[in-house]
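Colleague: The structure's right below; bear with me while I get my questions together.
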Amino acid sequence: MSPRHSVLADAHDRWIGHLDMDAFFAAVEQLDHPEYRGRPVIIGGLGLRGVVSTASYEARSYGVRSALPMAVARRLCPDGIYASPRFLRYKEISDHVRSILRRFSPTIETISLDEAFFDLSAHGPSSEDVHQIARTIKRDVQAETKLTCSVGLAPNRFLAKLGSELDKPDGFRMIDPDQIHEILDPLPVGEIWGVGEVTAKRLISLGILRIKDLRLAPLELLIRELGSTGRRLQQLAMGIDDTPLSGEVDSKSISRETTYAFDVTDLAEMEEEVSRLAGHVASSLQREKLICRVVRIKVRYPNFKTISRQVQLSVGTDSAQIIETQALELLRKRVPLDEGGIRLLGVGLGGISESIARQLALFPDWL
């Protein structure tokens, strides 16, 4: 059986959806503040070195995009509404959206507050049935949250995410197995999940401009130029992606970051900030009755080079003391601090799961 016939045969047994809330943080602010509606709203860090987290579609017409330095955004859109993110409010709505997904899917993979995959395969192979269910999910999200979302439905993760991106905002795109090459072939290679700017330029230099070019390219060439990534990218170009959904708990993480107005070179100041951030993320764990098994630290240098280091814990914890100690160890022993200072510092937690009872501190306050 050819690769094409093989993937189509398997595809009829699997239906994966991807839900993406439209301009989520900005849309929530417009929902809660009616005077913001119809106006450009930009959410992110408001300091000198802040970056845009989310821009409303009105702001995007000015060229404002996520990850853009806030100073640039203000030049492009001087009359915009600029606000700091309210993560607790966003999480409240995100939890509601997940509760809607649970009504229809036994398996959900949360990617971020505004994005999740869900599996509808249990509803049978009929495309008409899963189409109706996905439409119902989209309708319920809008009715219950008063916000719009874009939904993609396809035989696998890659195609489902692509489907939601091809029809934004407030869109719905179903990619049937028989339509895979028809939809993929004319798209630029940059539309493939995982193809960033550097890889896209490399492919274009090889004369591979469209996904069809990648699908038909000699595999030997791709492997020689890109290593094992070349094989993976060609599979995606064929519409092949057998990556399973990992489930909600495994994809959860908690983090806090600080972007400095000026480069920081003093280790004591960095340590003080790591301690503060560790306290914040530990409080989030305790508040949600969760424990973590991974502690991470993130550092961005003045040249925008960003690194992260992490440690795996043998036992799950929500102890602020343990998290702080591990984060400080990472900063002192595993982070190079000889590159002219740092501009961003973050502490994150992973390997998160539910805890029956909160772990007691090693030395409780009452001792």
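Colleague: Going through ILE43, ILE111, ILE81 one at a time, which residue ends up being under 30 Å from GLN132 (Cβ atoms) and hydrophobic (A, V, I, L, M, F, W, C)?
Modeller: ILE111
Residue-by-condition table, conditions (1) of a type in the set (Val, Ile, Thr); (2) closer than 30 Å to VAL315 by Cβ; (3) free of Cβ contacts under 8 Å to residues at least 24 places away in the same chain:
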{"residue": "PRO186", "(1), (2), (3)": "no, no, no"}
{"residue": "LEU216", "(1), (2), (3)": "no, no, yes"}
{"residue": "ILE254", "(1), (2), (3)": "yes, yes, no"}
{"residue": "VAL264", "(1), (2), (3)": "yes, no, no"}
{"residue": "ILE291", "(1), (2), (3)": "yes, yes, no"}
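Colleague: Would you tally the residues in the range 55-92 being among the hydroxyl-bearing types (Ser, Thr, Tyr) and either part of a helix (DSSP H, G or I) or closer than 14 Å to ASP32 by Cβ (or both)?
Modeller: Residues meeting the conditions: 4.
Colleague: In this structure, is ASP95 crowded, with 21+ Cβ neighbours inside 10 Å, among the acidic types (Asp, Glu) and either without any contact (Cβ under 8 Å) to a residue 60 or more places away in the chain or outside the structural domain of LEU285 (by TED's automatic domain parsing) (or both)?
Modeller: So ASP95 does not fit the description; no.
Colleague: Out of (1) assigned to a helix (DSSP H, G or I); (2) buried (at least 16 other Cβ atoms within 10 Å of the Cβ), the odd one out for ARG173 is which?
Modeller: ARG173 satisfies every listed condition except (1).
Colleague: Here is a check on your reading of the model: is ARG293 crowded, with 18+ Cβ neighbours inside 10 Å, basic (Lys, Arg), modelled with pLDDT under 90 and outside the structural domain of ARG49 (by TED's automatic domain parsing)? Outline the logic, then answer.
Modeller: Working: crowded, with 18+ Cβ neighbours inside 10 Å: no; basic (Lys, Arg): yes; modelled with pLDDT under 90: yes; outside the structural domain of ARG49 (by TED's automatic domain parsing): yes.
No, not satisfied.
Colleague: Sticking with this structure for a sec: Does LEU345 qualify as being closer than 30 Å to ALA261 by Cα, part of a helix (DSSP H, G or I), in contact with an Asp or Glu (Cβ under 9 Å, 6 or more places away or on another chain) and at pLDDT 85 or above?
Modeller: No, not satisfied.
Colleague: Name the residues in the range 42-63 that are in contact with a Gly (Cβ under 7 Å, 6 or more places away or on another chain) and at pLDDT 95 or above, would you?
Modeller: Scanning the range 42-63 gives ILE42, GLU58, ALA59.
Colleague: In addition: Under 9 Å by Cβ, and 6 or more places apart or on different chains, what pairs join a residue from the range 32-56 that is without any contact (Cβ under 8 Å) to a residue 24 or more places away in the chain with one that is surrounded by 14 or more Cβ atoms within 10 Å (Cβ to Cβ) and of a type in the set (S, T, N, Q)?
Modeller: Every condition considered, the pairs that remain are ARG37/GLN30; GLY38/GLN30; VAL52/SER66.
Colleague: Could you tell me whether ARG300 is among the basic types (Lys, Arg), assigned by TED's automatic domain parsing to the domain that holds MET270 and closer than 19 Å to THR258 by Cβ?
Modeller: yes
Colleague: Still on this structure: Do you know which residues across the range 336-350 are out of contact with any Phe, Trp or Tyr (no Cβ under 9 Å at 6 or more places or on another chain) and surrounded by 18 or more Cβ atoms within 10 Å (Cβ to Cβ)?
Modeller: GLY346, VAL347, GLY348, LEU349 - these are the residues of the range 336-350 that are out of contact with any Phe, Trp or Tyr (no Cβ under 9 Å at 6 or more places or on another chain) and surrounded by 18 or more Cβ atoms within 10 Å (Cβ to Cβ).
The values are calculated or read from the model by the stated rules, or taken from the named source; none is laboratory data. Since we're looking at a predicted model, the values are computed, not measured. So basically every Cβ, Gly included, is an ideal-geometry build from the backbone, and we count neighbours across all protein chains shown.
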